[in-house]
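S.K.: Just dropping this structure here.
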Amino acid sequence: MQRAINGLKRWETLLFIIFIGTVLNNVAQSPAYLNPNNFINLFQLSIEKIIVAITMTFIIINGEIDLSVASIMGMAACIMARLYDVGVPLETGIVIALASGALAGAFNGFWVAVVGLPSLAVTLAGLVGYRGIARIMLEDRSIGGFPGWFNAFGQQPVLGSLTLGIVVFIILFLVGAIILHRSAFGRYVYAIGSNKEAAIYAGVRVQRVKMTLFIASGMVAALAGLLIAARFGAVRGNTADGFELDIVTMVLLGGVSIFGGSGTLVGVGLAILIILNLRNGMSLINITGNTQTLVIGVLLILSVLIPNWGRAVQTWIMRQRLRSAELAKGGER
Amino acid sequence: RDVVVAEPGQEVRMLLLPKFLGILVFDEANQGALEAAAELENPAPLIFDGPTPENSVAGQIEIVTNAVTQGIQALMISNNAGDQIAPAAQAALDAGLTVVTWDSPIPSAVGEQVFVAQVDFNETGKVLADMALSILGEEGGQFAILSASPDAANQNAWIAAMQEVLASDPAYANLELLTIVYGNDQSEESYNQALGLVDAYPELDLIVAPTSVGGPAAAKALQDEGLCGEGTDNSVVVTGLMLPSEVLAYVENGCIPEFALWSFVDLGYLTYYVTYLLATGAIEAEPGVMFEAGRMGTYEITEDPTRENGLRVLMGPFSIYNIENIYAAVGMEAPE
Amino acid sequence: MEPVLAIRRVSKRFDGTQALDDVSLELYPGEVHTLLGENGAGKSTLIKIMTGIHQPDTGELLLDDKPISIANSAQAQHYGIAAIYQEPMVFPDLNVAENIFISHQNRGAIMRWGNLYRDADAILKRLGVTLDVRSPARGLTLAAQQTVEIAKALSLKTRVLIMDEPTASLSAHEVAQLFKLTRNLRDQGVAILFISHRLEEVFEISDRITIFRDGKRISTGLAHEYTIERAIRDMVGREMESFFHKTLSQPGDVVLSVRGLARQGVFEGVNFDLRAGEVLGFAGLVGSGRTDVALALFGIAPPDAGEIYFQGKRVNITSPEMATQLGIAYVPEDRRQHGLVMPFPIVSNISLPTLRRYINRIGLIDFDRERRTANEFRNRLKIRSESIATPAGKLSGGNQQKVVLSKWLNTRPKLLILDEPTRGIDVGAKSEVHAMINDLAQQGLAILMISSDLPEVLGMSDRILVMREGRQMGIFSRAETTQEVIMTAAMGQEAAS
Amino acid sequence: MTAIRRLVRPEQLREISLLILIVLACLFFSTQINGFLSGRTFARVSTSVAIITVVAVGQTLVVLTRNIDLSVGSIVGFCAYFVGMQFTFDRTIPPAAAVAMAIGVGALMGGFNGLLVAYARVPAIIVTLGTLAIYRGLLVEYGNARTVTTANLPSWLVGLQPTNLFSIGDIDIRLMAFIAIVVVLVFQLGLGYLQFGRRLYAIGSNPDAARIAGIPARRTVFLAYVMCGALAGLGGFMFLVRFGDITIVAAQGLELQVVAAVVVGGVNIFGGSGTMFGAMLGAVMIGTLEYSLTRMTWISQFWKDALLGGFILAAVAADAIILTRIRKFWARTELTLAAPVSETPEVRRAAGD
Ligand SMILES: Nc1ncnc2c1ncn2[C@@H]1O[C@H](COP(=O)(O)OP(=O)(O)OP(=O)(O)O)[C@@H](O)[C@H]1O
Ligand SMILES: Nc1ncnc2c1ncn2[C@@H]1O[C@H](COP(=O)(O)OP(=O)(O)OP(=O)(O)O)[C@@H](O)[C@H]1O
Ligand SMILES: [Mg+2]
Ligand SMILES: [Mg+2]
């Protein structure tokens, strides 16, 4: 019983309830919602962001942040496009673009893990700097006309009715969840996020873990950048501009503490479902972008506020109950 | 050939998609479209929906994609996503929607049926060059371009056209283009860029800003630095494409001696007509098709000379504004 | 005489644990009242209720016979109740003087730095410590932090002063200083509530003693009514034999050999050999550099000069991970910062350094095996907790220490470095730890034990190395030493007088 | 050595190292840009960083308490637009009332943030990420695609931006820069000499200890947010003065610039240390770099961002490296006051957990 109550108090449970609420609301609001295509669209339209949200979850649990992901997405896409434009085979370009993402991640990781600068500062510089590289690559041009097979990856289903992006997301999510919650590496990620010093004293290779995370983050961001290039069929210097805030929002709504050390991937998965559903539902009834953002802002705050209030009320009730029990006992004597 | 006239009263669910919300010109276009909708007695309400400025590209694509699910029948897109919107627009076309672009086309023309061009993009280049020439005079001078973002397709096309005009006609030989900078349609960046220009190029005479945000910001910067406006010799001034109501003060004080624009109300009106006709099957998107667009008269669908494979309806003309006619344009009495 | 502060039938429950069960206590002006109890008996919880950090579930507090409710620390201070907490609570970015006067809301809205430094200096002088009042608190050793805490409490005009294990990280010299002050305050009519696990100290300072067990008050009485044996019986609930089970054994091969070890500006010239089965005690005043030597051996702050031979091989230890792999374990002195990941459950804390052992074939953690180990240690060390899934942060101080010990014993080290291993541990647990140290030595482990508790060092070590100001003053064999000899070595000339 | 150590606190060390970096950067740029070391450069940079500086001062107040305010960009935009619109309705609003209005609206918005962070215990980043969207959304709703234009503003307001208060030799102190300097000085003094200021450090330094020490942490954090909002409101007014033409995207993304200034200025993002001078120097550093890069005509527009990113990183890294070096050096000179064995960044757990 106690366990059941504790289960109910979990963040994930709350998110699940909100999620069901959004689904019901959408069904009531728009007949188009239940259209099977809509479910694919719902993921497909934000697929790059939610892929990066997975690695971002690791990074934030680790007590760091990576604000440069959106710029790395843009940079990788631009590098690939530029190489393609000058005649390098696309396959080679893709490999180089992924490597550039990993390199950018390693660069971030070096300053954070080895030199010990705050990740916020480092990746803020990266946010500006990697976007700069994207700009240098394409200047004011837009490059498209990639081979059909490449565009198909972004636009056509590869498995049943799922696109490559969705398949990648599902695989990364499952693998990520296992690594985070079942493997030694995941345990280290939490340990470092909770108390870096204690982790060092316990012989955890903190630098290596952080480095790995930043490289993974850079590489996954690059992959997401390529997916967005395939989905849009063309690349520009501002590709994926400003995605970082949305990505961080998803992770935080998922119950991951910005101070590190706590949160689950399941929570983030639910938060992703909520945000996508909410946006989709609002889009279907023509609520404009600004209002959508506003609603998600409100939701973000409420999702923490309501459980806080709930807990306060609960404590109060418990104390009242003990008090009255005490009074009753006193009366007997 | 026949001039097709629209048959009012048919139901077409239409969506007008601006680059993003919160900019006056797009609201004016919506006014025009609403006017046309009333005239055509379309029982379905016109939807005016757009992304936020910072999320314009992904937001536009999202709206286009969702439009199919929603059962929208006709899309009118002022494209801010370059060719990146093409797959989504093509998907909409494939799903049987009518897709028309206005204000800013899809560069590759993939996914659109017709582009309703406010003006001829080559002509825009010429108009910009002419204004520069008329401000700087025969002896010419140095100028710089302050554009929106490096990613804005229509701005880039206009600038390219202007450069071409400058290079091809000896009449402009004395106009020297120094550089192109970008203010990203934000006042603060445009302001700082304008200051950077006057510092980096002491001989600068003119800033050409083909953006309704960049122009006033540049004018304010120059005015603040005492380079133009009352009590100065207007050593550096601004021209470009702007909204009369937003630059009145600078025209009055001489910081913007001359600028150009077309009517966004008319553009919205015409776009609505074209789209309605296409969606109701009254016309096909083919070169040579002629139709009547209500109060604006007769138009023809032609090949777009500025884009391969593209079709367009050319609205025109430019209105050139200066101190003489700006009061009329903003509906004010000219002061004595 | 009227009690200043009376606690009436207070109960407090944390989900799962009844921390306090119908507890009453009176504090009279001008007495030193000592609370004794095992780890987790509820001492700190009671204190936190008296200072407004926790609210009692039931029961009430009376100040001068009038019921009061204390909602927060500011209110507690307003009533004249001040506390020195078990874990020092300093502000690392503020300097020492500011730290001392942080609670003085009545010093006015405008800072007068000159006065502040002067007053802080004066208070520290009264305490007999030299600390630069302008230096930031960041980087102070635990003992220095504790000193700041004491100064902070003394700076307030208090009627009730609570001291939760203030001596845990102090050495004899500082303790004597502190007691002098404490008596002073007592004579001025302050009621002092004192908590300590060092029984000799308790009998030295206390006027009255109250003993807690399992959140209940077992007995209260004048200090001289108690003997050590009775106190222990009341705390533990059964008879217990004497403390130090030192069994002398035949030392084996040299495990660790250190030659001319130095880290610039911190310590220098450290030379010793440590054999398997031997316990080498490290004694010295607080700040004498003992911890730094340990950190050098464990690879956290590698030395600049000197040689380390481990099991006969010259080694260059540059990271804790390397040290662990060699078979060196280090139980740090600051368990909050370095010892534990507080939000982690006990089980994950114990397995952290050895996680690689709990990986199954497909590369995932074998939770069952991990839990089995944790349960073993929980039983062996008698860790008091609801289960091994309880977060370490919710344990009482002593139980936390046991978790840290478990975690390192589980690495099955060849050399075990213990830094203040019994800091904050109750008598029962202490004797268990001592028995364990003894056992481990018997099994052939080489043990290096840093401790500020002189009886402990003397009782447990085969040999004792004394440090002073970063220099090794000598190594004394168990047979030839007394407390006096060690203190003289540790303090230099002045102490001899 | 001891004397110097006692005189110069580590925080001030940060500022000195940053100042040296700025001087070095200026020397470098003076070889690249004609007439760089001139009054004009000063006027340009000082006015262009004035707004960021004012907002960064507010941000610093909040960051010191181990919180953050990401909504400042939206507050600045809202206040600039709101006050501008009031002038559109009524041009005769007196200057003092306009400023008060901007500050008031800003303080209100900051107060809302503060309420949620301090009293409802919602983590700051969540609150302000939310209000970043909410305040901007309100502006869009309120703005309804209209634009504030200089034509609608009274001439005294339009004329404020170039107003020169006084000159020191070649160097003009313009009104905007003056406001910023006054704000920095006032708040710097407040931090150093007011109980309130020290409390901000204490709370950020160790939130648990702050609670135990009886510091009214909630009220203090709340007030920090109110002030941060008020300063953002003042920044909004300055924004209106400087740019005149205000759209609903005004000051979008300003929060990142402000956070960058604060971080480069050596304010610890995890609370407890940093100064207003530092924040100002951070803003100046970034402002100088941006100023210089736009004026080096041989550098392509498209290289600017990449270089700026590199410079920001270099500034942060140089600052950190210089600082640890000096700390180590001092640690060696004085045994009894040694630095910690290993830097122990405070456990960054939230105050609210
Ligand atoms: N915040 C908390 N949440 C849950 N349980 C707690 C909390 N604080 C204390 N406890 C539990 O309450 C009991 C009493 O703890 P307390 O800290 O008062 O013990 P103590 O007597 O001070 O022990 P020690 O001598 O080890 O310091 C312990 O079982 C502890 O685990
Ligand atoms: N009161 C103090 N103020 C500042 N620094 C101190 C103080 N006490 C010790 N230190 C520093 O700590 C270092 C030695 O401390 P270390 O922790 O190694 O000693 P220790 O003998 O283990 O003492 P402890 O009993 O506190 O663990 C020295 O470098 C010294 O400068
Ligand atoms: Mg305790
Ligand atoms: Mg020590």
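S.K.: How many of the residues making up the stretch B:302-336 are in contact (Cβ under 8 Å) with a residue 24 or more places away in the chain, among the acidic types (Asp, Glu) and surrounded by 12 or more Cβ atoms within 10 Å (Cβ to Cβ)?
M.R.: Within the stretch B:302-336, residues that are in contact (Cβ under 8 Å) with a residue 24 or more places away in the chain, among the acidic types (Asp, Glu) and surrounded by 12 or more Cβ atoms within 10 Å (Cβ to Cβ) number 1.
S.K.: Still on this structure: Please state which of the following conditions B:ASP83 fails to meet, knowing it meets all the rest: (1) surrounded by 24 or more Cβ atoms within 10 Å (Cβ to Cβ); (2) within 14 Å of chain A (Cβ to nearest Cβ); (3) farther than 20 Å from A:ASN151 by Cβ.
M.R.: With respect to (1) surrounded by 24 or more Cβ atoms within 10 Å (Cβ to Cβ); (2) within 14 Å of chain A (Cβ to nearest Cβ); (3) farther than 20 Å from A:ASN151 by Cβ, B:ASP83 is out only on (3).
S.K.: Given the structure, is A:ALA125 part of a helix (DSSP H, G or I), under 22 Å from the mean Cα position of the chain (by Cα) and within 14 Å of chain D (Cβ to nearest Cβ)?
M.R.: yes
S.K.: For the stretch C:417-446, enumerate the residues that are within 16 Å of ligand 4 (Cβ to nearest atom) and closer than 19 Å to C:GLN325 by Cβ.
M.R.: C:ILE417
S.K.: Now a separate question. Can you tell me which residue among C:LEU285, C:LEU297 is within 16 Å of ligand 4 (Cβ to nearest atom), out of contact with any Leu (no Cβ under 6 Å at 6 or more places or on another chain) and modelled with pLDDT under 90?
M.R.: Working: C:LEU297 fails: modelled with pLDDT under 90.
One residue alone meets the criteria, C:LEU285.
S.K.: Name the single residue, out of those in the stretch B:202-224 being free of Cβ contacts under 8 Å to residues at least 60 places away in the same chain and facing chain D (nearest Cβ under 7 Å), that is surrounded by the most Cβ atoms within 10 Å (Cβ to Cβ).
M.R.: Checking each candidate, the answer is B:PRO216.
S.K.: Now, a different point. Which condition number does A:GLY218 fail, the rest of (1) buried (at least 24 other Cβ atoms within 10 Å of the Cβ); (2) not in a helix (DSSP H, G or I) being met?
M.R.: Against the list (1) buried (at least 24 other Cβ atoms within 10 Å of the Cβ); (2) not in a helix (DSSP H, G or I), A:GLY218 comes up short only on (2).
S.K.: Without any contact (Cβ under 8 Å) to a residue 40 or more places away in the chain, under 24 Å from B:ALA200 (Cα atoms), surrounded by fewer than 24 Cβ atoms within 10 Å (Cβ to Cβ) and of a type in the set (Ser, Thr, Tyr) - does that describe any residue in the stretch B:148-156?
M.R.: Looking only at the stretch B:148-156, we keep the residues that are without any contact (Cβ under 8 Å) to a residue 40 or more places away in the chain, and these are B:149-150, B:156.
In the following step, the residues that additionally are under 24 Å from B:ALA200 (Cα atoms) were identified as B:149-150, B:156.
Still in the running and surrounded by fewer than 24 Cβ atoms within 10 Å (Cβ to Cβ): B:149-150, B:156.
From what's left, of a type in the set (Ser, Thr, Tyr): B:149.
Yes, that holds for at least one residue.
S.K.: Right, here's the next one. Among the residues of the stretch D:100-126 satisfying the criterion of being of a type in the set (Val, Ile, Thr) and under 19 Å from the mean Cα position of the chain (by Cα), which is modelled with the lowest pLDDT? Steps first, answer last, please.
M.R.: As a first pass, look at the stretch D:100-126 and keep what is of a type in the set (Val, Ile, Thr): D:103, D:105, D:117, D:122, D:125-126.
From the residues that got through so far, the ones that are under 19 Å from the mean Cα position of the chain (by Cα) too are D:103, D:105, D:125.
On the way: D:ILE103: 97, D:VAL105: 97, D:ILE125: 87.
That would be D:ILE125.
S.K.: Considering only residues that are in contact (Cβ under 8 Å) with a residue 24 or more places away in the chain and within 7 Å of chain A (Cβ to nearest Cβ), which ones fall in the stretch C:332-364?
M.R.: Within the stretch C:332-364, C:PRO332, C:GLY339, C:LEU340, C:VAL341, C:MET342, C:PRO343, C:PHE344, C:LEU352, C:PRO353 qualify.
S.K.: Which residue, of C:SER288, C:SER219, C:SER319, is in the same structural domain as C:PRO88 (by TED's automatic domain parsing) and either within 16 Å of ligand 2 (Cβ to nearest atom) or more than 17 Å from C:ARG463 (Cα to Cα) (or both)?
M.R.: C:SER219
S.K.: Among the residues that make up the stretch B:70-77, is at least one of them surrounded by 18 or more Cβ atoms within 10 Å (Cβ to Cβ), at the interface with chain A (Cβ under 8 Å from one of its Cβ atoms) and of a type outside the set (D, E, K, R)?
M.R.: Yes, there is a match, as at least one residue in the stretch B:70-77 is surrounded by 18 or more Cβ atoms within 10 Å (Cβ to Cβ), at the interface with chain A (Cβ under 8 Å from one of its Cβ atoms) and of a type outside the set (D, E, K, R).
S.K.: Does B:THR179 fit the bill of being assigned to a strand (DSSP E or B), hydroxyl-bearing (Ser, Thr, Tyr) and within 12 Å of another protein chain (Cβ to nearest Cβ)?
M.R.: Yes, satisfied.
S.K.: Restricting attention to the stretch C:406-421, which residues are under 18 Å from C:VAL255 (Cβ atoms), part of a loop (DSSP other than H, G, I, E, B) and either within 16 Å of ligand 2 (Cβ to nearest atom) or among the basic types (Lys, Arg) (or both)?
M.R.: C:ARG412, C:LYS414
S.K.: State yes or no: is C:GLU370 over 25 Å from C:ALA168 (Cβ atoms), more than 18 Å from the chain's Cα centre (by Cα), within 14 Å of chain A (Cβ to nearest Cβ) and away from ligand 2 (no atom under 16 Å from the Cβ)?
M.R.: Spelling it out, C:GLU370 is indeed over 25 Å from C:ALA168 (Cβ atoms), more than 18 Å from the chain's Cα centre (by Cα), within 14 Å of chain A (Cβ to nearest Cβ) and away from ligand 2 (no atom under 16 Å from the Cβ).
S.K.: Any chance you could count how many residues in the stretch C:375-397 are away from ligand 1 (no atom under 16 Å from the Cβ) and either among the β-branched types (Val, Ile, Thr) or crowded, with 16+ Cβ neighbours inside 10 Å (or both)?
M.R.: Counting residues in the stretch C:375-397 that are away from ligand 1 (no atom under 16 Å from the Cβ) and either among the β-branched types (Val, Ile, Thr) or crowded, with 16+ Cβ neighbours inside 10 Å (or both) gives 2.
S.K.: Within the stretch C:40-147, which strands (runs of 3 or more DSSP E) (wholly inside it) include 3 or more residues that are surrounded by 17 or more Cβ atoms within 10 Å (Cβ to Cβ) and touching a strand residue (DSSP E or B) at 6+ places or on another chain (Cβ under 9 Å)?
M.R.: C:58-63, C:81-84
S.K.: If you take the residues in the stretch A:285-310 that are in contact (Cβ under 8 Å) with a residue 12 or more places away in the chain and surrounded by 22 or more Cβ atoms within 10 Å (Cβ to Cβ), which one is nearest to the other protein chains (Cβ to nearest Cβ)?
M.R.: A:LEU300
S.K.: Among the residues in the stretch C:206-226, are any within 21 Å of the chain's Cα centre (by Cα), part of a helix (DSSP H, G or I), more than 16 Å from ligand 3 (Cβ to nearest atom) and not aliphatic (A, V, I, L, M)?
M.R.: Checked against the condition, which is being within 21 Å of the chain's Cα centre (by Cα), part of a helix (DSSP H, G or I), more than 16 Å from ligand 3 (Cβ to nearest atom) and not aliphatic (A, V, I, L, M), the stretch C:206-226 yields no hits at all.
S.K.: Check whether at least one residue in the stretch C:7-16 is modelled with pLDDT of 90 or more and of a type in the set (S, T, N, Q), and report yes or no.
M.R.: Yes, because at least one residue in the stretch C:7-16 is modelled with pLDDT of 90 or more and of a type in the set (S, T, N, Q).
S.K.: A further question follows. Restricting the stretch C:9-57 to residues that are of a type in the set (Val, Ile, Thr) and touching a Lys or Arg at 6+ places or on another chain (Cβ under 6 Å), which is farthest from ligand 2 (Cβ to nearest atom)?
M.R.: Of everything passing the filter in the stretch C:9-57, C:VAL23 is farthest from ligand 2 (Cβ to nearest atom).
S.K.: Related question: If I filter the stretch D:202-214 for residues that are of a type in the set (D, E, K, R) and either more than 14 Å from chain C (Cβ to nearest Cβ) or more than 20 Å from the chain's Cα centre (by Cα) (or both), do I get at least one hit?
M.R.: Yes, that holds for at least one residue.
S.K.: Another question, if that's okay. Read through the list (1) part of a helix (DSSP H, G or I); (2) away from chain A (no Cβ under 12 Å), then give the number of the only condition that D:ALA318 fails.
M.R.: In the conditions (1) part of a helix (DSSP H, G or I); (2) away from chain A (no Cβ under 12 Å), D:ALA318 misses (2) alone.
S.K.: Given the structure, is A:TYR130 closer than 30 Å to B:ALA153 by Cα, modelled with pLDDT of 95 or more and among the hydroxyl-bearing types (Ser, Thr, Tyr)?
M.R.: So A:TYR130 fits the description; yes.
S.K.: Follow-up. When both residues are 6+ apart or on different chains and their Cβ atoms are under 6 Å apart, which pairs have a first residue that lies in the stretch C:125-149 and is at the interface with chain D (Cβ under 10 Å from one of its Cβ atoms) and within 20 Å of C:GLY284 (Cα to Cα), and a second that is in a loop (DSSP other than H, G, I, E, B) and within 7 Å of ligand 2 (Cβ to nearest atom)?
M.R.: C:THR141/C:GLY287
The values are calculated or read from the model by the stated rules, or taken from the named source; none is laboratory data. Quick caveat, the model's predicted, so the values are computed rather than measured. With ideal geometry, Cβ positions are generated from the backbone for all residues, glycine too; neighbour counts draw on all protein chains shown.
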